[in-house]
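Okay, so here's the structure we're looking at.
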Amino acid sequence: MGAPVSAERHVIMGTAGHVDHGKTALVRLLTGIDTDRLKEEQERGISIELGFAHLDLPSGLRVGVVDVPGHERFVKHMLAGAGGIDFVLLVVAADEGVMPQTVEHLQIVEMLGVERGLVALTKVDLVEPEMRELAALDVREILSGTPFAEWPLHPVSALTGEGKAELARAIEELAIAVEARTGAGPMRLPIDRVFVMEGFGTVVTGTLWQGTAREGDQVTVLPGARPARVRQVQVHGRKVQAAAAGQRVALALHGLDKNEIARGDWVTTPGAFREASILDVRLRAVGPGERTIAQRERVRFHLGASEAFGRVTFFGRDELEPGEDDVAQLRLETPVVAARGDRFVIRRYSPVRTAGGGQVIEAATQKRRRSDVAAAQALTALERGSAAERIAAALAGRPAVGLTVEEIAARTGTAGAEVESALAELVARGEAAELGRARYVSAAYREEIRTEIETAARDYQGRYPLRHGIQRGELRSRFAGRLKPEAVDAAIEPLVAGGVLHPREDRLRLGSPVLALPPRLRAVADRLREILLEAGYSVPSSRDALARAGAPAGPEAQELLVYLAGEGEIVRLADDLLYTREQLVRLENEVTAVLRAKGELTVADFKTITGVSRKYAVPLLEYLDGRGLTRRSGDNRVPGRLLAAGAGGGSGGAPASGTSGAGGGPATSC
Ligand code: GDP
Ligand code: MG
């Protein structure tokens, strides 16, 4: 119970065989569990699990049993659980011998890469000894040309119990030989069932392909990137803190309704996996004695518990002969979740029969043309390639935020430590680059982004020569849909650090860090300054001032004002009044002096300082309020937060001693 999950051994046996050959009866004999009753029982709870039973062996080892139905829709059911099968119990009835689905199930098992197994020659109570022998020979013959030639065969009867002990021993032997899985790395669970359970909400079940599922985990359901939280984990109907790769699990998910999830979806560690409609694969056609797989043939693709329609593209060949294998591309009509090394099966569109299967070389790649003979070589290289080559291929895409080590590991089927050392090698060779903290892209893409940023900055400065530079937000929006904002920021960072872009507030300037006005406009600016200074606080309207200063008409004058404001040379107040910085600094000093002396500023005081009419007084006072220098109090102004904070500092005595005239001035209005 409290034992670390990785220390336990999780073994799953799957049945296979023609319909009515006695698979379910045999599971019942071995485990005491009737998997056929499951449909009625599913409403009662996950303790009865799916049509999944468990077999407690004399050694204390518990083997999960996946009993598959033998009818036409068998493949979907079998594949739903078969990804996690460690070995197969092939059931052949002695009275019928090898039948079509006996063969097809074996083909599927082979395509899924399951190598271990054993044969139960069942219903032996029904036949004479010679028939038994004939059936056994029949089985031996179909196994002979396959990786399963050495599977042991055990005669058994579910009716009389004959052979049960021997069969159980043989199962135990296989179970003990299964290598323990680690449970390390990101988690991936193919969902084979979804239902609602009173008190738990949405529950999904499946055989955990990789990683560990823990109570409280944040997860992503793919395709569609739907977030959820694991509310509870159950194994064999019992609540556990965590379940590891190889176990049959039920997860109660918080955050998703039953109708938002379907069989074929995946529960995954957020960010670790992605959906793909284009897969580069190694494909093998079943055979001999079957049809070829044709170029562009429409097929049913099965991976985990998912099924998708799609077409096969071969490179430089028109078909795949029975028993042959080659690299190929699968283009699916709906996305699946796939990673390098995943096993899959394809079946014909019609009539529905297993056509082949294989392994994913790379998921979510670009389309390759059938005439692209080089693609075949590239794929073969990728398939056999070093970790660095596989990672370089994974980075060849254009990820919106770059890939983390964990994501690269999951996509390339490479251990995390190996990814790290291979990445270091790629970075050193200038083939990969970091895009922000611990996120990687190809060096070429990194360069492309850099160039695009520089070009955008240059264009912007060309269009708006009087602005400091392009706004960060504009750069982000230029990459919208391609790069996430944080990735754009990450790409900008080294350009700033390297002195290529010079930041100022939210703008970034390419080239020289300071923007000087061209002489013609410098002269206008200087004249403007003189005009404003001469006017005292009763400045002319901005339009008049600009006209008198000889500013060019139209947008350029506005650009000039934006520039001068940006440089702090002038300040634009509401009502578009322009003041030089000196004027406002002087005003601030004089107002501060009065406030320090009297503790407040009357309208009359203000008029004495500025000599302005109401038209100017209002925006100027609002400016002072906005600066935090003053604060309105009735008709008067009192020290604002800026002064209040300063007054508390040390000069506190001065205003206090000078407040004799507080409230004394006549409250005349301007
Ligand atoms: P499945 O489709 O492979 O799961 O087959 P079932 O386990 O449902 O069995 C099909 C039929 O064969 C049922 O009527 C069983 O009672 C019968 N059956 C299964 N095993 C044996 C056996 O060992 N001896 C006899 N006489 N009948 C059996
Ligand atoms: Mg059955």
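Suppose we keep only residues that are crowded, with 24+ Cβ neighbours inside 10 Å and either part of a loop (DSSP other than H, G, I, E, B) or among the polar types (S, T, N, Q) (or both) within the stretch 9-21. Which one would you say is farthest from ligand 1 (Cβ to nearest atom)?
His10
Across the stretch 404-450, what is the total count of residues that are part of a helix (DSSP H, G or I) and open to solvent by 50 Å² or more (accessible area, probe 1.4 Å)?
Count: 13.
Take residues that are among the charged types (D, E, K, R) and tell me which of the strands (runs of 3 or more DSSP E) falling wholly in the stretch 261-340 contain 2 or more.
Here the list reads 275-285, 298-303, 306-314, 325-337.
Determine if the stretch 80-97 includes at least one residue that is at pLDDT 85 or above, within 12 Å of ligand 2 (Cβ to nearest atom) and either within 35 Å of the chain's Cα centre (by Cα) or open to solvent by 10 Å² or more (accessible area, probe 1.4 Å) (or both).
no
Which of the residues that make up the stretch 588-613 are more than 56 Å from the chain's Cα centre (by Cα) and under 15 Å from Arg627 (Cα atoms)? Before you say what the answer is, go through the steps one by one.
As a first pass, look at the stretch 588-613 and keep what is more than 56 Å from the chain's Cα centre (by Cα): 589-613.
Those that are more than 56 Å from the chain's Cα centre (by Cα) and under 15 Å from Arg627 (Cα atoms): Asn589, Glu590, Val591, Thr592, Leu595.
With Glu43, Glu49, Glu72 as the choices, which residue is open to solvent by 30 Å² or more (accessible area, probe 1.4 Å), modelled with pLDDT under 85 and more than 15 Å from ligand 2 (Cβ to nearest atom)?
Result of the check over Glu43, Glu49, Glu72: Glu43.
Write out, first by first residue and then by second, each pair whose Cβ atoms fall under 8 Å of each other, whose residues are 6+ apart or on separate chains, and whose first residue, in the stretch 133-149, is farther than 14 Å from Leu118 by Cβ while the second is open to solvent by less than 50 Å² (accessible area, probe 1.4 Å) and among the basic types (Lys, Arg).
none
Filter the stretch 10-21 for residues that are farther than 10 Å from Asp67 by Cα and more than 10 Å from ligand 2 (Cβ to nearest atom) and give the result.
Selection gives His10, Val11, Ile12, His18.
Mind checking which residues of the stretch 600-630 are of a type outside the set (A, V, I, L, M, F, W, C), outside any helix (DSSP H, G or I) and either modelled with pLDDT of 95 or more or crowded, with 20+ Cβ neighbours inside 10 Å (or both)?
Glu600, Thr602, Thr630
Any chance the stretch 380-397 includes a residue that's in contact with a helix residue (DSSP H, G or I) (Cβ under 8 Å, 6 or more places away or on another chain), in a loop (DSSP other than H, G, I, E, B), charged (D, E, K, R) and open to solvent by 30 Å² or more (accessible area, probe 1.4 Å)?
no
Which of the residues belonging to the stretch 22-40 are modelled with pLDDT of 80 or more, in a helix (DSSP H, G or I) and within 11 Å of ligand 2 (Cβ to nearest atom)?
The answer is Lys23, Thr24, Ala25, Leu26, Val27, Arg28.
Given the criterion open to solvent by 70 Å² or more (accessible area, probe 1.4 Å) and within 16 Å of ligand 1 (Cβ to nearest atom), identify the matching residue among Leu167, Leu106, Leu137, Leu159.
The match here is Leu159.
Within the group Arg572, Arg482, Arg522, Arg509, which residue is among the basic types (Lys, Arg) and part of a helix (DSSP H, G or I)?
Arg522
Which residue is farthest from ligand 1 (Cβ to nearest atom), if the candidates are limited to the stretch 113-134 and must be crowded, with 24+ Cβ neighbours inside 10 Å and among the aliphatic types (A, V, I, L, M)?
Val119
Is it the case that Thr212 is in contact with a strand residue (DSSP E or B) (Cβ under 6 Å, 6 or more places away or on another chain) and either in the same structural domain as Pro58 (by TED's automatic domain parsing) or open to solvent by less than 10 Å² (accessible area, probe 1.4 Å) (or both)?
Spelling it out, it is not the case that Thr212 is in contact with a strand residue (DSSP E or B) (Cβ under 6 Å, 6 or more places away or on another chain) and either in the same structural domain as Pro58 (by TED's automatic domain parsing) or open to solvent by less than 10 Å² (accessible area, probe 1.4 Å) (or both).
The values are calculated or read from the model by the stated rules, or taken from the named source; none is laboratory data. All values derive from a computational prediction rather than experimental measurement. So basically every Cβ, Gly included, is an ideal-geometry build from the backbone, and we count neighbours across all protein chains shown. Accessible surface areas use protein heavy atoms only, side chains included; no ligands, DNA or RNA. Shrake-Rupley method; radii C 1.70, N 1.55, O 1.52, S 1.80 Å.
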